[in-house]
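Asks: Mind having a look at this structure? Questions to follow.
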Amino acid sequence: MPLNTAAQTLGICATALKKVCRKMDIHEWPFQKLKPIQRRLAKLRVQQTAARAAKALSAGASSKKAAAAVEASAVGAGGQTLAAIDAQVTRLEVM
């Protein structure tokens with residue numbers, strides 16, 4: 001959530017929220033870091049889906065089997081990367 005929206009939700013001005021954040025040793029609003037991570041996560045998901053589909057089709061699977069492979073859960077290096085980014089996004093959302 002952007003800083004201004006958070007301040008509005010709390011019923012205070014953005015400056016007051018910034019002062020409170022600085023006192024709590026939060027020098028940068030986490031929302032600004034969250035956007036690039038979400039974009040990177042979306043790119044990785046698209047790449048992973050394409051790789052699964054290509055792997056299923058190259059293995060001689062039918063279109064239905066390829067679609068099922070795409071729907072399967074993330075496994076291996078790509079899955080670990082996505083899990084790490086998901087954890088980072090969750091950690092920033094909690095802040």
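The values are calculated or read from the model by the stated rules, or taken from the named source; none is laboratory data. As the structure is a computational prediction, the values presented were derived from the model and not from experiment. Because the Cβ atoms are built from the backbone with ideal geometry, glycine has one as well, and the counts that use them run over all protein chains shown.
Asks: Considering only segment 1-26, state which residues are of a type in the set (A, V, I, L, M), closer than 24 Å to Gln38 by Cβ and part of a loop (DSSP other than H, G, I, E, B). So that I can check it myself, show each step before the final result.
Replies: At the first step, the residues of segment 1-26 found to be of a type in the set (A, V, I, L, M) are 1, 3, 6-7, 10, 12, 14, 16-17, 20, 24, 26.
So of that shortlist, the ones also closer than 24 Å to Gln38 by Cβ come out as 1, 3, 6-7, 10, 14, 17, 26.
If the condition is that a residue be of a type in the set (A, V, I, L, M), closer than 24 Å to Gln38 by Cβ and part of a loop (DSSP other than H, G, I, E, B), then Met1, Ile26 are the ones that fit.
Asks: Another question about this same structure. Among what's in segment 1-34 and is surrounded by 13 or more Cβ atoms within 10 Å (Cβ to Cβ) and touching a Cys at 6+ places or on another chain (Cβ under 8 Å), pick the residue that is modelled with the highest pLDDT.
Replies: Ala7
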